[in-house]
Amino acid sequence: MTLADHGYIEVRGAREHTLKNIDVDIPKHQLTVVTGVSGSGKSSLVFDTLAAESQRQLNATFSAFAQSRLPSYGQPDVDRMANLCAVTVVDQKRLGGARSTVGTATDIGARLRLIYSRAGRPFAGYSNAFSFNDPQGMCPRCQGLGVVSVVDETQLVDRDRSLDDGALTFPAFGVGQWFWRSYARSGFFDPSVPLREYSDEQWRILMYAEQGELKAPNPDVTSYEGVIARFHRLYLHKEPESFKGKTREAFERIVTRGTCPDCGGTRLAEAARSSLINGLSIADLNAMQADDLVHAIRAIDDPSVAPLVQDAAEQVERLGILGLGYLSLDRATSTLSGGESQRVKMVRHLGSSLSDLLYVFDEPTVGLHPRDVHRLGELLLELRDKGNTVVVVEHDPEIMAIADHCIDMGPGAGRAGGTVTYEGPYDGLVKSETRTGQGLRAPRVSRDGDAVRTPSGHVRIEHASTHNLRDVTVDLPLGVLTVVTGVAGSGKSSLIRGHLPAVRPDVVMLDQSPVRGSRRSSPATFTGMLDPIRTLFARTTGAPAALFSPNSDGACPECQGAGVIFTDLAFMDGVTTVCEVCRGRRFKDEAQQYLVRGRSIADVFEMSVAEGLEFFTEKAIRTMLTRLSDVGLDYLTLGQTLTTLSGGERQRLKLASELVVGGRFYVLDEPTTGLHLADVEHLIALLHRLVDDGNTLIVIEHNLDVVAAADWIVDLGPGAGHDGGRVVFEGTPAALAADGSTYTGRYLARHLA
Ligand code: ADP
Ligand code: ADP
Ligand code: ZN
Ligand code: ZN
């Protein structure tokens, strides 16, 4: 079949972010892989244009009521799009919510409930009786959460303060709030007296009085209710995720959680737990890891549920195929990594019978061992063969190779990117003179035996047994580059993140987590580069240095230097709008009048790292710019808000900011996330430089080029979950490839061949 048989999704005149007015055709009912160096515009095309416009047009077909409840999408900067279909974005965003588990997120839970409602004995009624999200099925004690919440009173109030002084620490009870007034103006207390001076009776009234139990002396305060009572009634049953910002921080401090004693964490009511098939309850099945669960489900031979059994077993098998066979259905999705979350969502979609959808994926191989990449590819093809259009942003050559159609973005990043450099089949991409083509043709090298560094000592982790670890004792070498490998779920994070800080409290974890206060931070402020830049402006112009900081005197008074106005909505994602006073430039006019070599401080904030390297001659500034460029971030704008960065970009920004002194101990978790083949080489060079500067590096990584570059490898396995948790190899890359007894060894040997 040729592409034309299917028609195309047509994108005409796309200009979102750095896209240069491009036209793209995406073949329908085919698998398209979008490639290109980081910052070249892949996400701007695929997520911010294609998916955003499809979603926007889809939303526009709903009633006004429904629209008001859907996330709103701005109109992307594009002339015209044709042949769109309904879109599903399968990304790495975490699946939140205390009621979300692998079972609910994949829909496997619903299938098991149907099976138990028909074939379980004793008979428990409707399938809802097995749902912890239904009043009939949920454990009454914990309301189906599996955990019970306890309020820590010492965190809810500060006894050293008075009511007027902010003794009530939960924001909704804060000074000036309506609830605060109902205490401070109740007439029960002197609002200027610290709580610790209250009589026992005053304390009881403040904290525990039930609603309607007491009449406040001040008649304006109706239906008085104590702080704890009110907190229990209004907030305790909520999930931390339903709050944002300060309220969420306070909630997490005040409320601590433990396993529910009634249901043992299974979330289910007694009746649901006592209905059995083959001697197993639905809670038993929910606790099994997927690899075992398949067998338990297939063993259900009641003919009345045969089609359901087949369907459920296939869904559970897909978890295994995607390298998630170590997960259990009762695992809370909030504990999954970004890559795991994306693959769990994929299982749900594979089980759906909808077709003619547009599926959009964001680097689905993240966190996946080379062993499992091939099978992931097969499932992408399965999704296509169900009649869907599949578009994948990906750096893994194995996924590029199975594409029906490739779109390469570039040639560079940021303003040097934004054009289509290649469109067509994979064969042509490999032969093309794009950076992707060059990267695909480059020979794969391993460090030769002599170049491997000698450690300066060791740090030992002893008897580690978190999660699936089997009493692991391992020596990690100091002063060298160690790569920790193993299939997903083998125990890499459990070992390194779970145990290293206990034996090396000074270890620095450079991960992909958000940066604190990132709404007002930018690469310039985060890296400390702003200090020498401010000094330069002050020295050249004679104005005070503080004028050149967006977090100080130079700040636009309207937005306080954020460039945007953020409206915090307690229960929803906030809304961001560009500041009208400074038009997003962050600085007040006065600060923008002073120029260095013809540029204002606001101009500097709009420069990319690469442009900064052309503009600045000052050593201190160039050093940091060079580091940012070394980690593959030369397209970033110096003033770009950190909340707009991807996880991989955040991690590399942290890495660049850290490279200062020797003698430190760093852990990196999959630093190649989001990196193009060509950028991986730079990253490896940088890792070596770090070690040469006297640092110790531990890198959790699947990328075989990084594995090959290590001085030492610790391979965990042999499999995942209860089939993993052991150290299966320790040694050099050459020895690992020669050994061949582990998955990593076999794939490394193949990669280097
Ligand atoms: P890729 O997906 O190929 O890594 P992106 O499409 O994310 O590239 O980025 C292309 C360019 O657009 C980069 O210069 C990036 O800094 C810029 N960019 C991306 N998102 C935003 C945003 N929300 N605000 C401003 N610039 C952005
Ligand atoms: P890796 O880092 O190699 O992918 P992990 O250390 O994340 O492996 O997982 C090892 C095992 O521990 C898996 O069986 C996984 O399901 C389990 N595990 C990891 N994190 C949690 C958690 N927060 N709660 C329960 N089990 C977990
Ligand atoms: Zn319970
Ligand atoms: Zn402003």
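The values are calculated or read from the model by the stated rules, or taken from the named source; none is laboratory data. Keep in mind the model is a prediction, meaning the values are calculated, not measured. Every residue, glycine among them, receives a Cβ derived from its backbone with ideal geometry; neighbour counts consider all protein chains shown. Just the protein is used for accessible areas: all its heavy atoms, side chains included, with ligands, DNA and RNA removed. Shrake-Rupley method; radii C 1.70, N 1.55, O 1.52, S 1.80 Å.
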* State all residues of region 631-667 that are open to solvent by less than 20 Å² (accessible area, probe 1.4 Å), over 27 Å from residue 566 (Cα atoms) and not β-branched (Val, Ile, Thr); if no residue qualifies, say none. => 632, 655, 656, 665, 666
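Name the residues in region 320-344 that are basic (Lys, Arg) and either open to solvent by 30 Å² or more (accessible area, probe 1.4 Å) or touching a helix residue (DSSP H, G or I) at 6+ places or on another chain (Cβ under 7 Å) (or both), would you?
Keep residues of region 320-344 that are basic (Lys, Arg), which gives 331, 343.
Result: 331, single match.
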* From the set of residues in region 594-648 that are farther than 23 Å from residue 542 by Cα and β-branched (Val, Ile, Thr), which is farthest from the chain's Cα centre (by Cα)? -> 623
* Asked: Of all the residues that make up region 362-394, how many are assigned to a loop (DSSP other than H, G, I, E, B), open to solvent by 10 Å² or more (accessible area, probe 1.4 Å) and either small (Gly, Ala, Ser) or in contact with a strand residue (DSSP E or B) (Cβ under 7 Å, 6 or more places away or on another chain) (or both)?
  -> 3
* In region 520-564, what residues are of a type in the set (Gly, Ala, Ser) and away from ligand 1 (no atom under 16 Å from the Cβ)? -> 528, 538, 542, 543, 545, 546, 549, 552, 554, 555, 561
* Structure fact -> Of the candidates 184, 167, the one satisfying the condition of being crowded, with 20+ Cβ neighbours inside 10 Å and in contact with a strand residue (DSSP E or B) (Cβ under 6 Å, 6 or more places away or on another chain) is 167
* Scan region 209-240 residue by residue and report those that are touching a Leu at 6+ places or on another chain (Cβ under 8 Å) and without any contact (Cβ under 8 Å) to a residue 60 or more places away in the chain. => 224, 226
* Asked: So which pairs qualify, if the first residue must be in region 726-743 and open to solvent by 40 Å² or more (accessible area, probe 1.4 Å), the second must be basic (Lys, Arg), the Cβ gap must be under 6 Å, and the two must be at least 6 apart or on different chains?
  -> 726/470; 743/371
* Say whether the condition of being under 21 Å from residue 100 (Cβ atoms), away from ligand 2 (no atom under 16 Å from the Cβ), buried (at least 20 other Cβ atoms within 10 Å of the Cβ) and small (Gly, Ala, Ser) is met by at least one residue in region 265-275. => yes
* From 464, 442, 403, 416, grab the single residue that is in contact (Cβ under 8 Å) with a residue 60 or more places away in the chain and in contact with a helix residue (DSSP H, G or I) (Cβ under 6 Å, 6 or more places away or on another chain). => 403
* If we scan region 43-62, do we find a residue that is in a loop (DSSP other than H, G, I, E, B), buried (at least 21 other Cβ atoms within 10 Å of the Cβ) and modelled with pLDDT under 95? -> no
* Check residue 31 against each of (1) among the hydrophobic types (A, V, I, L, M, F, W, C); (2) modelled with pLDDT of 95 or more; (3) within 16 Å of ligand 1 (Cβ to nearest atom) and name the one condition it does not meet. => (3)
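Being more than 16 Å from ligand 3 (Cβ to nearest atom), out of contact with any Pro (no Cβ under 9 Å at 6 or more places or on another chain) and either at pLDDT below 95 or assigned to a loop (DSSP other than H, G, I, E, B) (or both): is that true of residue 660 here? So that I can check it myself, show each step before the final result.
Details: more than 16 Å from ligand 3 (Cβ to nearest atom): yes; out of contact with any Pro (no Cβ under 9 Å at 6 or more places or on another chain): yes; either at pLDDT below 95 or assigned to a loop (DSSP other than H, G, I, E, B) (or both): yes.
Criteria met by residue 660.
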* Looking at 291, 301, which is the one that is in contact with a helix residue (DSSP H, G or I) (Cβ under 6 Å, 6 or more places away or on another chain) and over 28 Å from residue 148 (Cα atoms)? -> 291
* Filter result (open to solvent by 60 Å² or more (accessible area, probe 1.4 Å) and over 21 Å from residue 612 (Cα atoms)) within region 518-550 -> 519, 542, 544
* Going by the conditions given, is residue 696 in contact (Cβ under 8 Å) with a residue 12 or more places away in the chain, among the hydroxyl-bearing types (Ser, Thr, Tyr) and either closer than 28 Å to residue 368 by Cβ or out of contact with any strand residue (DSSP E or B) (no Cβ under 6 Å at 6 or more places or on another chain) (or both)? -> yes
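Could you look through region 571-593, keep only residues that are of a type in the set (S, T, N, Q) and more than 30 Å from the chain's Cα centre (by Cα), and pick out the one that is farthest from ligand 2 (Cβ to nearest atom)?
Keep residues of region 571-593 that are of a type in the set (S, T, N, Q), which gives 576-577, 592-593.
This time we only want the ones that are more than 30 Å from the chain's Cα centre (by Cα), so: 592-593.
On the way: 592: 48, 593: 53 Å.
The selected residue is 593.
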* Would you be able to say whether some residue in region 539-552 is within 16 Å of ligand 4 (Cβ to nearest atom) and assigned to a helix (DSSP H, G or I)? => yes
* **Condition met for residue 644 (of a type in the set (S, T, N, Q) and without any contact (Cβ under 8 Å) to a residue 60 or more places away in the chain)** => yes
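Hand me the list of helices (runs of 4 or more DSSP H) wholly inside region 191-295 holding 1 or more residues that are basic (Lys, Arg).
Working: elements: 200-208, 227-231, 245-254, 270-274, 282-287.
Those helices (runs of 4 or more DSSP H) span 200-208, 227-231, 245-254, 270-274.
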* Among the residues of region 97-141, how many are open to solvent by 50 Å² or more (accessible area, probe 1.4 Å) and not in a helix (DSSP H, G or I)? -> 11
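Kindly evaluate residue 171 against the criterion of being under 30 Å from residue 302 (Cβ atoms) and modelled with pLDDT of 90 or more.
Values: under 30 Å from residue 302 (Cβ atoms): no; modelled with pLDDT of 90 or more: yes.
No, not satisfied.
Is it fair to say residue 223 is open to solvent by less than 40 Å² (accessible area, probe 1.4 Å), of a type in the set (S, T, N, Q) and over 15 Å from residue 161 (Cβ atoms)? Spell out the reasoning first.
Working: open to solvent by less than 40 Å² (accessible area, probe 1.4 Å): no; of a type in the set (S, T, N, Q): yes; over 15 Å from residue 161 (Cβ atoms): yes.
For residue 223, the condition - open to solvent by less than 40 Å² (accessible area, probe 1.4 Å), of a type in the set (S, T, N, Q) and over 15 Å from residue 161 (Cβ atoms) - is not met.
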